[in-house]
Each structure stands twice: as structure tokens, then as C-alpha cells.
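Peer 1: Structure provided below as C-alpha cells; questions to follow.
The values are calculated or read from the model by the stated rules, or taken from the named source; none is laboratory data. Remember, it's a predicted structure, so these values are computed and weren't measured experimentally. FYI the Cβ positions are ideal-geometry reconstructions off the backbone, even for glycines, and counts take in every protein chain you see.
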Amino acid sequence: MKKNVHLGHQAKKRFGQNFLNNDAIISKIVDAINPEPGENLIEIGPGLGALTEPVVDRAGALSVVELDRDLAHRLKHHPFLAPKLTIYEQDALKFNFSELATPERPLRIFGNLPYNISTPLIFHLLTFKAQVKDMHFMLQKEVVQRMASGPDCKSYGRLSVMTQYQCQVIPVMEIGPEAFTPAPKVDSAIVRLIPHTEIKNPVKNLSDLNRVCLAAFNQRRKTIRNSFKKLISSEQLELLNIDPSIRPENLSLDDFIKLANYITDNPPAE
């Protein structure tokens, strides 16, 4: 059998499909999610149902978002799963997850995310964080490392700052390529994201935090004196007790918040 065929389905490269095939690892992932009856569970990219089936066994019902028409068709006609699934045949990057949430039933989102869209998808999902209890995702190991990374580390960047500002980031487990069909060329990892119920040091404008991160990490080898020159001067950095000669990776999350709030109050000239 071809290496990119699993359970009769040929993996589609354009959708970044890699299907879990290791029962022991699947069991550990489901244990980490810990689904329970009555919860508002949503799976992104259920694929061939490797996680879908054991989650439904525990929870009784599940909503899924699947872009691949062939896979959605399989789920719609699955003899056991179909009656227990609510299937949204849509692109998760454009899906309005808030439509599925209620104050009494916050969202618990999980999935083996396509690695080619994982970062923009995480940013999209974070826009619904107020309605989310937690999220569990299979991602490229490097992406999980970036999400969890702290200052003074090469993997620390925009994804680290924006995710940690909005969520508690908990790496759960690492998974080798052999657990998938077809096997990806990278190691994978599971991450748990728990949106903060309260942010003790909030930004005044989240888009300004993103703006500061983009300016910083688009030219991360430069000192912040240079990378921020269109946003804030060296003199202003010094007034904020931030050394203009350091690099972006040396700034703490609180430093980024301080910078974001400064440019909200003192908008730079366009």
C-alpha cells in the first residue's frame, strides 16, 4: 500500500494531511483532552476519525469542522459516528467559532492541525478566547516550542508573546513522525492552551501589541533602536526604562505590553 494512503484515503498534500495511526498515542492524547459528557467539544480537521471516535465514546457527541469534502462525506455516512456528530464542512480559518458557544457551555477545541496553516489558525482561534475553556492541538514541535518560549531564547518571538499574553501555554507531549501516515518530516507535539480569565497587566489595544511584535521580530537581529524607529524613539525607550541597544528577543512580555500601551497613548506619525 502507498505510504500516503491510510484506511483507503489518499492524503492530500494541499490540506497538509498526516493521519494518526498509533493507538497508544491516540489514547494518551484523548486522556490529555479528558472529554466528558455534556461538554461543548469541537474538533478541527477530524480526518479519518482517529481522535473523533474515542472522544465521542467518552463525550457522546461532538462538533467537527472539516474542509475536505471526501472526509466530510465519510463522516456523514459513518455507521456509528454520524448520528453523534454535527459536521461543519468549512475552512477553520474562516469559521466563526463563537456561533457554537454559550455562556453555560464554553468551547473545548482540539485537533491535529495542518502544519502549513497552524500559526494563522492559532491567531484566528485566539480571537474567540473569551468563549473558550481550553484548546488541545497537535502541532509541529518547533511551533509548540515557539509558543512556550521565554525571553533570551532564539525560539522566542511574536507567536510566544501573543499566545502567552492571551493564554497559559502548556506543552503536553512530543510525538515522532512514525505515529502518522504519511510520516511528516518533522517531530510533533501536543500543546494545551487555557485562555486567561483575568489579565493582571492588560494592553489597552491588542492590535498595538501585535504591531509592536511585528516590528520587533520582522528584523530580530537588529537592536530595538532600529527595529522600533518608526514607532518609538531611543529617548522614549529610555524613558520607559528599556535599553535601546538590546535585541527584541531580550524583551519580556511585560516590556512588550509597556511598549504597546505607550504607542496606543502616543500614536506614531504615519
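Residue-wise test of (1) among the aromatic types (Phe, Trp, Tyr); (2) part of a helix (DSSP H, G or I).
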position	(1), (2)
ILE87	no, no
ASP91	no, no
PHE95	yes, no
LEU121	no, yes
HIS124	no, yes
MET138	no, no
VAL143	no, yes
MET147	no, yes
VAL161	no, yes
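Peer 1: Taking the stretch 22-71 on its own, how many of its residues are surrounded by fewer than 16 Cβ atoms within 10 Å (Cβ to Cβ) and of a type in the set (S, T, N, Q)?
Peer 2: 2
Peer 1: Quick one: is VAL172 within 21 Å of the chain's Cα centre (by Cα), among the aliphatic types (A, V, I, L, M), assigned by TED's automatic domain parsing to the domain that holds GLN145 and modelled with pLDDT under 95?
Peer 2: Spelling it out, it is not the case that VAL172 is within 21 Å of the chain's Cα centre (by Cα), among the aliphatic types (A, V, I, L, M), assigned by TED's automatic domain parsing to the domain that holds GLN145 and modelled with pLDDT under 95.
The rows are residues; the columns are (1) assigned to a helix (DSSP H, G or I); (2) small (Gly, Ala, Ser).
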site	(1), (2)
ARG211	yes, no
ALA215	yes, yes
LYS222	no, no
LYS230	no, no
ASP255	yes, no
ALA269	no, yes
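Peer 1: Something else about it: Restricting attention to the stretch 191-200, does a residue exist that is surrounded by 14 or more Cβ atoms within 10 Å (Cβ to Cβ), among the acidic types (Asp, Glu) and more than 27 Å from ASN112 (Cβ to Cβ)?
Peer 2: No, the conditions are met nowhere in the stretch 191-200.
Peer 1: Taking the conditions exactly as written (of a type in the set (Ser, Thr, Tyr) and under 16 Å from the mean Cα position of the chain (by Cα)), does THR197 satisfy them or not?
Peer 2: Criteria not met by THR197.
Peer 1: To continue, here is another question. Test PRO177 against the stated conditions and say whether it is assigned by TED's automatic domain parsing to the domain that holds PHE19 and in contact (Cβ under 8 Å) with a residue 24 or more places away in the chain.
Peer 2: The answer is no for PRO177.
Peer 1: Within the stretch 232-253, track down each residue that is outside any loop (DSSP other than H, G, I, E, B) and either surrounded by 16 or more Cβ atoms within 10 Å (Cβ to Cβ) or polar (S, T, N, Q) (or both).
Peer 2: Selection gives SER234, GLN236, LEU237, PRO248, GLU249, ASN250, LEU253.
Peer 1: Can you confirm whether the stretch 73-90 contains a residue that is under 30 Å from GLN164 (Cβ atoms), at pLDDT 95 or above, surrounded by 15 or more Cβ atoms within 10 Å (Cβ to Cβ) and aliphatic (A, V, I, L, M)?
Peer 2: no
Peer 1: Filter the stretch 97-115 down to the residues that are touching a residue at least 24 places away in the same chain (Cβ under 8 Å) and outside any strand (DSSP E or B), then identify the one that is surrounded by the most Cβ atoms within 10 Å (Cβ to Cβ).
Peer 2: Step by step, filter the stretch 97-115, then rank; the result is LEU113.
Peer 1: Quick check on my filter: what residues within the stretch 27-49 are modelled with pLDDT of 90 or more and in a loop (DSSP other than H, G, I, E, B)?
Peer 2: The initial filter retains those residues of the stretch 27-49 that are modelled with pLDDT of 90 or more, namely 27-46.
Scanning the stretch 27-49 gives ASN34, PRO35, GLU36, PRO37, GLY38, GLU39, GLY45, PRO46.
Peer 1: Moving to a separate point now. Restricting the stretch 150-169 to residues that are loosely packed, with under 15 Cβ neighbours inside 10 Å and under 19 Å from the mean Cα position of the chain (by Cα), which is farthest from VAL212 (Cα to Cα)? Explain how you work it out, then say what you get.
Peer 2: From the stretch 150-169, those loosely packed, with under 15 Cβ neighbours inside 10 Å are 150, 152-154, 168; that's our starting set.
Retained after the next criterion (residues that are under 19 Å from the mean Cα position of the chain (by Cα)): 150, 168.
Values: GLY150: 17, GLN168: 21 Å.
The extreme case among them is GLN168.
Peer 1: Test of understanding: among SER233, SER245, SER160, which residue is polar (S, T, N, Q) and within 27 Å of LEU113 (Cβ to Cβ)? Steps first, please.
Peer 2: Values: SER233 fails: within 27 Å of LEU113 (Cβ to Cβ); SER245 fails: within 27 Å of LEU113 (Cβ to Cβ).
After ruling out the rest, the residue left standing is SER160.
Peer 1: I would also like to ask the following. Taking SER155, is it of a type outside the set (Val, Ile, Thr), in a helix (DSSP H, G or I) and either in the same structural domain as GLY45 (by TED's automatic domain parsing) or over 20 Å from ALA32 (Cα atoms) (or both)?
Peer 2: no
Peer 1: Being among the charged types (D, E, K, R) and free of Cβ contacts under 8 Å to residues at least 24 places away in the same chain is the filter here, so list the residues in the stretch 116-152 that pass it.
Peer 2: ARG146
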